[in-house]
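Please read through the structure below; I'll follow up with questions.
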Amino acid sequence: MSDWAVPLTRTTVGQEEAQAAARVLISGWLTQGAEVAAFESEFAAQLRLPFAAAVASCTLGLELSYAAVGVRPGDEVIVPGLTFVATANAARRLGARPVFADITSESDLSVDFEDVIAKLTTRTRAVAIMHYGGFAARVSELRARLQATGYGQLPILEDCAHAPGAHSEDGSCGGLGTIGVFSFFGNKNMTTGEGGMITASTRALDEAVRELRTHGLSTSTWERHRRRALSYDVLQVGTNAKLDEVRAAIGRAQLNKLLAANRRRAQVRAWYEVGIQERGDLLAKLTVPYLGWQRRVGAESAHHLMVVLLPQGCAREAVMVRLHAAGIQTSVHYPPLHRLSCNLDLPPVTLPRLESTAPRLLTLPLSPFMTKVDIARVLDELSAALR
Ligand SMILES: *Cc1c(COP(=O)(O)O)cnc(C)c1O
């Protein structure tokens, strides 16, 4: 699979997914139909969310969701400065302008609500948040602050790419804001290769994204195949963002494994925290965002990423090269969005906390299959690299 001794991540895909895909391939129906419908209802039930609509990717799901909550050309959308570029690109694709907001702190890398409030204007059409690393952002607090400033009606979009199965004290990620979008890309907690899920908070929004994902058609090919309809009208200019039956079947098998895999991830995270606390040098040099979060907050993270902050001024590339030479794969989540070439045409913005934190970000390996031995190997090597 890979030549890493400790890869950044590993999927839980196996025989179950292979059999599910084969079952669909020989069934004679490959595009959106009964498997997609079953995947959607099982996803909604398992995560205790009212609605779920499968899409071809989280990125397309974000675009459809922004459109469904009313984002139009010229609008502003407040977006975390620290997220994957798709959170902002999806708004830009609609002709809207992302306004980037800072991180909360070194220990909470999700978007700072203070900064969100400061950046509201009459052109703001939506606020996007991202549950960084799988740790639920405090959406009810954001809602309360928006209400207190007279922006209570503003839609909150949750980018849940890191957070399938995660919840805060208030409920499941994907059900905390106005609309949520999950990713089933290959490196996420559950995968269909490519794919995503939109979880709307109301039936009207759910219907809106379903119509958008199917060209704006009034009836689907599946409904016509099932003799439920003979023809169709096109109600609005939509797109094709459908998930196919093979991926939906793989997704159903992955969903069966999600919560157990997330529990393994929580165990791995706990081993990391203990391992760092046992190594005095690492404890002194590293900052660990969300340290002790699970105990403190009483919520459940999906533990998508194991992120640490290197010491200020540390040569991150040298550390990564050294770890990679030892077979330990690392990454960086993410280069700040406001500094990417594609965003240099936007009005310049300074995000002081993100700018001082971003060069220190390092993502260590995390998968449900990691052992205590793997973690000792990673931490010993990191310790040596920082000496
Ligand atoms: C992976 C990811 C996406 C994009 O998901 P795709 O399914 O690959 O389109 C969006 N946002 C975040 C935070 C992600 O991690």
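The values are calculated or read from the model by the stated rules, or taken from the named source; none is laboratory data. What you see is a predicted model; the values in this text were computed from it and never measured. Note: ideal-geometry Cβ built from the backbone for every residue, glycine included; neighbour counts use all protein chains shown.
Hey, any hits in segment 207-218 for a residue that's away from the ligand (no atom under 16 Å from the Cβ), modelled with pLDDT under 95 and touching a Phe, Trp or Tyr at 6+ places or on another chain (Cβ under 7 Å)?
Yes; the residues of segment 207-218 include at least one that is away from the ligand (no atom under 16 Å from the Cβ), modelled with pLDDT under 95 and touching a Phe, Trp or Tyr at 6+ places or on another chain (Cβ under 7 Å).
Still on this model: Filter segment 234-277 for residues that are of a type in the set (Gly, Ala, Ser) and under 18 Å from Thr191 (Cβ atoms) and give the result.
Selection gives Ala241, Ala248, Ala249, Gly251, Ala253, Ala260, Ala261.
Restricting attention to segment 136-156, which residues are farther than 14 Å from Leu82 by Cα and crowded, with 18+ Cβ neighbours inside 10 Å?
Listed by number, the residues that qualify are Ala136, Arg138, Val139, Leu142, Arg143, Leu146, Leu154, Pro155, Ile156.
Can you pull out every residue in segment 317-332 that is part of a helix (DSSP H, G or I) and in contact (Cβ under 8 Å) with a residue 12 or more places away in the chain?
Passing the criteria: Ala318, Val319, Met320, Arg322, Leu323.
Before we move on, is Val36 crowded, with 21+ Cβ neighbours inside 10 Å and closer than 20 Å to Thr149 by Cα?
Answer is no for this residue.
Next question. Residue by residue through segment 96-109, note down the ones that are touching a Leu at 6+ places or on another chain (Cβ under 8 Å) and hydroxyl-bearing (Ser, Thr, Tyr).
Matches in segment 96-109: Ser107 only.
Still on this structure: Quick check: is even one residue across segment 106-122 within 14 Å of the ligand (Cβ to nearest atom), within 18 Å of Gly61 (Cβ to Cβ) and touching a residue at least 12 places away in the same chain (Cβ under 8 Å)?
No, every residue in segment 106-122 fails to be within 14 Å of the ligand (Cβ to nearest atom), within 18 Å of Gly61 (Cβ to Cβ) and touching a residue at least 12 places away in the same chain (Cβ under 8 Å).
For segment 290-299, indicate whether the set of residues that are of a type in the set (Phe, Trp, Tyr) and surrounded by 17 or more Cβ atoms within 10 Å (Cβ to Cβ) is non-empty.
Yes: segment 290-299 contains one or more residues that are of a type in the set (Phe, Trp, Tyr) and surrounded by 17 or more Cβ atoms within 10 Å (Cβ to Cβ).
Another question, if that's okay. Take the residues in segment 196-206 that are among the small types (Gly, Ala, Ser) and not in a loop (DSSP other than H, G, I, E, B), then tell me which one is nearest to the ligand (Cβ to nearest atom).
Gly196
Any residue that is more than 30 Å from Ala22 (Cα to Cα) and in a loop (DSSP other than H, G, I, E, B) - is there at least one of those in segment 254-273?
No, segment 254-273 contains no residue that is more than 30 Å from Ala22 (Cα to Cα) and in a loop (DSSP other than H, G, I, E, B).
Collect the residues in segment 221-240 that are closer than 19 Å to Ala68 by Cα, touching a residue at least 40 places away in the same chain (Cβ under 8 Å) and surrounded by 15 or more Cβ atoms within 10 Å (Cβ to Cβ), keeping them in residue-number order.
Matches in segment 221-240: Thr239 only.
While we're on this one: For segment 351-387, give me each residue that is part of a helix (DSSP H, G or I), within 23 Å of Ala302 (Cα to Cα) and either free of Cβ contacts under 8 Å to residues at least 24 places away in the same chain or in contact with a Cys (Cβ under 6 Å, 6 or more places away or on another chain) (or both).
Matches in segment 351-387: Val373 only.
Does Arg97 qualify as being away from the ligand (no atom under 16 Å from the Cβ), in contact (Cβ under 8 Å) with a residue 60 or more places away in the chain and touching a strand residue (DSSP E or B) at 6+ places or on another chain (Cβ under 7 Å)?
Criteria met by Arg97.
Then there's this: Which one is nearest to the ligand (Cβ to nearest atom), of the residues in segment 157-195 that are among the hydroxyl-bearing types (Ser, Thr, Tyr) and out of contact with any strand residue (DSSP E or B) (no Cβ under 8 Å at 6 or more places or on another chain)?
Result: Thr192.
From Glu273, Glu278, grab the single residue that is among the charged types (D, E, K, R), modelled with pLDDT of 95 or more and under 24 Å from the mean Cα position of the chain (by Cα).
None of the other options fit; the residue is Glu273.
Just one of Ala21, Ala45 is more than 24 Å from Val209 (Cβ to Cβ), of a type outside the set (D, E, K, R) and either in a strand (DSSP E or B) or at pLDDT 95 or above (or both); which is it?
Ala21
Tell me which of these Leu8 doesn't satisfy, since it passes every other one: (1) within 24 Å of Leu305 (Cβ to Cβ); (2) in a helix (DSSP H, G or I); (3) within 15 Å of the ligand (Cβ to nearest atom).
(2)
If you don't mind, another one. Identify the single condition in (1) under 19 Å from the mean Cα position of the chain (by Cα); (2) more than 23 Å from Cys342 (Cβ to Cβ) that Gln32 does not satisfy, given that it satisfies every other one.
(1) is the only condition that Gln32 fails.
If you don't mind, there's one more thing I want to ask. Specify the residue that is nearest to the chain's Cα centre (by Cα); the eligible residues are those in segment 65-90 that are within 12 Å of the ligand (Cβ to nearest atom) and hydrophobic (A, V, I, L, M, F, W, C).
Going through the qualifying residues, I end up with Phe84.
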